[in-house]
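First the structure, in the form of structure tokens, and then the observations on it.
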Amino acid sequence: MASADKDQIQERMTEALESFGADREAINRDADWESLDIDSLDLVELAQIVEEEYGVQMKEEDMKNMKTVGDAVDFVSERAKS
Amino acid sequence: MADVNDGPEGCALVTGASRGIGAAIARGLAEDGWTVGVNYRKDQEGAEKVVEEIESGGGSALALQADVSDPAAADALFPPLEERFGTVLVLVNNAGMRADGLAPQLEDDAWDRVIDTNLSAAFRLTRRALRGMMRARFGRVVNIASIVGQRANPGQANYAASKAGMIAFTGTVAAEVARRSVTVNAVAPGLVDTELTEGIGDELLRAIPARRAGTPEEVAACVRFLASDAASYVNGTTLTVDGGMTA
């Protein structure tokens, strides 16, 4: 999935976050986890999806620096290309 | 197959299932409609016999060799099951061992082997299983603990610590994953008639209100309940099955 672009990654993440219970309307690059009611277990599952589908490992220390959807999309996008 | 679970398509994995309680659990889950991974360490013949029994009853099973104390065991157990039967939706951490001795004389090796096999293996396999269970929004982890994890039994400091650890682990993991409809429970057998309890004398039987040892099938019945849809709201608990011994 080296060619995955940001839009595609964001769409996949939106789908995942929605499945965790987040309101699709509220999901955008600037939305933070708290406002979406996304908790640590959701982030663990998001990391699992990202690893399986993009081959990118999101470790706990990485996730600490990700506050918003955009942070996560950028993280995956940068690593999926390399 | 009777009473097929309504959960998503998948299978069950029982560790240490070539004999005793594990074999009874594997046979019981197969009766409930699960395809069962029958893990064994050395007793291939025993595991294959369990598989044959399940198949002759119209069920489906697969014998899988792995020493669960090996950190790589999850890689030997999960992929073969997942490829053939789908997500492992029921994990029964049953494999266990004893290496008894009074604490002042207990060797490091006896401590480490028991903790590795009984506790660390349960953690690693549960960690691996939860990935699929969380995604499936259904999962049942059942840890076979022991009443020795809840009350003293001189000569088994290592075994007791491993089983008490398992009980504490059970509750905490249950609280972590409950909202994905995954349950994590423990079953704490008392004296059960298996090879592991051979040599335990009649004196102990007098301490059991039921005046007898339990059977592997009586322990399996508890696991079958906890693995069923009927137990969907039972989470993080330890079900004692001991003939009233700790009552």
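Every read-out reported here was derived from the displayed coordinates using simple, explicitly stated rules and does not represent laboratory data. Worth saying up front: this structure is predicted, and the values here are computed from it rather than measured. Positions of Cβ are backbone-derived with ideal geometry, glycine not excepted, and every protein chain shown enters the neighbour counts.
The 3J(HN,Hα) values that the Karplus relation (6.51, -1.76, 1.60; θ = phi - 60°) gives for the range B:234-247 are, in residue order, 9, 8, x, 9, 10, 9, 8, 9, 9, x, x, 4, 9, 5 Hz. Gly and Pro appear as x. Based on the convex hull around the alpha carbon atoms, chain A presents an average projected area of 4.5 nm². With R₀ fixed at 25 Å, the C-beta to C-beta distance from A:Asp37 to A:Asp62 puts the FRET efficiency at about 0.70. When the alpha carbon coordinates of the range B:49-199 are projected onto the principal axes, the ranges are 47, 37, 27 Å, largest first. Computed from phi, the 3J(HN,Hα) profile of the range B:114-129 under the Karplus parametrisation 6.51, -1.76, 1.60 (θ = phi - 60°) reads 5, 5, 4, 6, 8, 10, 5, 5, 4, 4, 5, 6, 5, 4, 5, 5 Hz, with x in place of Gly and Pro. When the P(r) of the range B:156-247 is calculated, the portion above 19 Å amounts to 49% of the C-alpha pairs.
For A:Arg79 and B:Val234, a Förster radius of 56 Å and the Cβ-Cβ distance give a FRET efficiency of 0.85, rounded to the nearest 0.05. The alpha carbons of the protein assembly as shown occupy a box of 70, 49, 34 Å along the principal axes, longest dimension given first. Between the beta carbons of B:Ala168 and B:Arg127, assuming R0 = 22 Å, the FRET efficiency works out to 0.90 to the nearest 0.05.
Lysine pair count for the protein assembly as shown with Cα-Cα distance under 25 Å and sequence separation of 8 or more or different chains is 9.
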